[in-house]
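One structure is given here, and the rest of the page talks about it.
The values are calculated or read from the model by the stated rules, or taken from the named source; none is laboratory data. Everything quoted here is computed from the prediction, not taken from an experiment. Here the Cβ positions follow ideal geometry from the backbone for every residue, glycine too, while neighbour counts run over all protein chains shown. What goes into the accessible areas is simple: the full protein's heavy atoms, side chains included, and nothing from ligands, DNA or RNA. Shrake-Rupley method; radii C 1.70, N 1.55, O 1.52, S 1.80 Å.
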Amino acid sequence: KNQVEQSPQSLIILEGKNCTLQCNYTVSPFSNLRWYKQDTGRGPVSLTIMTFSENTKSNGRYTATLDADTKQSSLHITASQLSDSASYICVVRSTDKLIFGTGTRLQVFP
Amino acid sequence: DTEVTQTPKHLVMGMTNKKSLKCEQHMGHRAMYWYKQKAKKPPELMFVYSYEKLSINESVPSRFSPECPNSSLLNLHLHALQPEDSALYLCASSQDPDRVVNTIYFGEGSWLTVV
């Protein structure tokens, strides 16, 4: 069964600290992996897309990694800001379907 | 302009009402999507339109009826909904339905409450 699992479910960090969110997937065939940020009550916003051959991709303070062998991805947030408080969703594309993870809810406190 | 615009932002309707959600994009995207998202859950795909034709219907009840009048517009017609249909409805679009690596742009969503 195609699944995308994220950990932790929720995370609280202090402003300025770094954090890493994890995504494990069992999706076949694999096309690409995306990370989205979703503020409460808003639509998801794309952060990165990585294909099979890409190991790392950065978007400002966000850096995503992909290990296609172990089927794991991580999203590293550097020097967190209050505006980083949101849900972060890992999404894996398989042919014409997007399989969504349940998300990690990040709260950044001052 | 990388925007997907959805209206209305909020909608409250009775179970006997007929209403519509609207979605618009002017990025020249040829794939458009409707997703339903309940609180603290990931979005669930409802429909996909490719080149203005319905290509995927994820076994959605017939009380939800999608319509794609042209390449920029996507509607979701609602009729005889149930309270459990209350959710955030997200519209999304992507450039080329046949390309695997496509950024999917989401709208802000329409909050639907069925009373």
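Suppose we filter the stretch A:4-19 for residues that are open to solvent by 80 Å² or more (accessible area, probe 1.4 Å) and within 13 Å of chain B (Cβ to nearest Cβ); how many remain? It would help to see each step written out before you state the result.
Initially, the stretch A:4-19 is screened for residues open to solvent by 80 Å² or more (accessible area, probe 1.4 Å), giving A:5, A:9, A:12, A:14-15, A:17-18.
Narrowing further to those that are within 13 Å of chain B (Cβ to nearest Cβ): A:5, A:9.
Total meeting the criteria: 2.
Just to check your reading of the model, which residue among A:Ser73, A:Ser46, A:Ser87 is within 11 Å of the chain's Cα centre (by Cα) and at pLDDT below 95?
On the way: A:Ser73 fails: at pLDDT below 95; A:Ser87 fails: at pLDDT below 95.
When all the criteria are applied, what remains is A:Ser46.
Just the residues that are more than 15 Å from B:Ala87 (Cα to Cα) and either within 12 Å of chain A (Cβ to nearest Cβ) or among the β-branched types (Val, Ile, Thr) (or both), please, taken from the stretch B:1-24.
Residues satisfying the conditions are B:Thr2, B:Glu3, B:Val4, B:Thr5, B:Thr16, B:Cys23.
Conditions (1) more than 20 Å from A:Gln38 (Cβ to Cβ); (2) among the aliphatic types (A, V, I, L, M), marked per residue:
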position	(1), (2)
B:Ser59	yes, no
B:Phe64	yes, no
B:Cys68	yes, no
B:Ser72	yes, no
B:Asn75	yes, no
B:Ser94	no, no
B:Val100	yes, yes
B:Thr103	no, no
B:Ser110	no, no
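Filter the stretch B:98-114 down to the residues that are crowded, with 18+ Cβ neighbours inside 10 Å and either at negative phi or in contact with a helix residue (DSSP H, G or I) (Cβ under 7 Å, 6 or more places away or on another chain) (or both) and list them by number. If you could, list the steps in order and put the result at the bottom.
Just the residues of the stretch B:98-114 that are crowded, with 18+ Cβ neighbours inside 10 Å, to begin with: B:102, B:104-110, B:112, B:114.
Within the stretch B:98-114, B:Asn102, B:Ile104, B:Tyr105, B:Phe106, B:Gly107, B:Glu108, B:Ser110, B:Leu112, B:Val114 meet the criteria.
State all residues of the stretch B:92-115 that are acidic (Asp, Glu), within 11 Å of chain A (Cβ to nearest Cβ) and either in contact with a Phe, Trp or Tyr (Cβ under 8 Å, 6 or more places away or on another chain) or more than 19 Å from B:Pro42 (Cβ to Cβ) (or both); if no residue qualifies, say none. First the steps, then the outcome.
Going residue by residue through the stretch B:92-115, those that are acidic (Asp, Glu) are B:96, B:98, B:108.
In the following step, the residues that additionally are within 11 Å of chain A (Cβ to nearest Cβ) were identified as B:98, B:108.
If the condition is that a residue be acidic (Asp, Glu), within 11 Å of chain A (Cβ to nearest Cβ) and either in contact with a Phe, Trp or Tyr (Cβ under 8 Å, 6 or more places away or on another chain) or more than 19 Å from B:Pro42 (Cβ to Cβ) (or both), then B:Asp98 is the only one that fits.
Taking B:Tyr89, is it within 14 Å of another protein chain (Cβ to nearest Cβ) and more than 17 Å from B:Pro8 (Cα to Cα)? Walk me through how you get there before you give the answer.
Numbers: within 14 Å of another protein chain (Cβ to nearest Cβ): yes; more than 17 Å from B:Pro8 (Cα to Cα): no.
So B:Tyr89 fails the test.
Tell me, which strands (runs of 3 or more DSSP E) wholly within the stretch A:20-86 include 2 or more residues that are within 11 Å of chain B (Cβ to nearest Cβ) and free of Cβ contacts under 8 Å to residues at least 40 places away in the same chain? Outline the logic, then answer.
Values: elements: A:32-38, A:45-51, A:56-59, A:62-67, A:72-77.
The strands (runs of 3 or more DSSP E) meeting that bar are A:45-51.
Just a yes or no: is a residue in the stretch B:96-108 touching an Asp or Glu at 6+ places or on another chain (Cβ under 9 Å), of a type in the set (Ser, Thr, Tyr) and over 23 Å from A:Val4 (Cβ atoms)?
no
For the stretch A:58-89, which positions are basic (Lys, Arg) and either open to solvent by less than 20 Å² (accessible area, probe 1.4 Å) or closer than 20 Å to A:Asp39 by Cβ (or both)?
A:Arg61, the sole residue that qualifies.
Answer yes if at least one residue in the stretch B:66-78 is open to solvent by 10 Å² or more (accessible area, probe 1.4 Å), within 11 Å of chain A (Cβ to nearest Cβ) and not in a loop (DSSP other than H, G, I, E, B), and no otherwise. Break it down stepwise before answering.
So the first thing to find is which residues in the stretch B:66-78 are open to solvent by 10 Å² or more (accessible area, probe 1.4 Å), and the list is B:66-73, B:75, B:77.
Cutting the leftovers down to within 11 Å of chain A (Cβ to nearest Cβ) gives us none.
No, the conditions are met nowhere in the stretch B:66-78.
Take the conditions within 11 Å of chain B (Cβ to nearest Cβ), open to solvent by 70 Å² or more (accessible area, probe 1.4 Å) and either modelled with pLDDT of 95 or more or out of contact with any His (no Cβ under 8 Å at 6 or more places or on another chain) (or both) and apply them to A:Asp96. Does it pass?
Details: within 11 Å of chain B (Cβ to nearest Cβ): yes; open to solvent by 70 Å² or more (accessible area, probe 1.4 Å): yes; either modelled with pLDDT of 95 or more or out of contact with any His (no Cβ under 8 Å at 6 or more places or on another chain) (or both): yes.
Yes: the conditions hold for A:Asp96.
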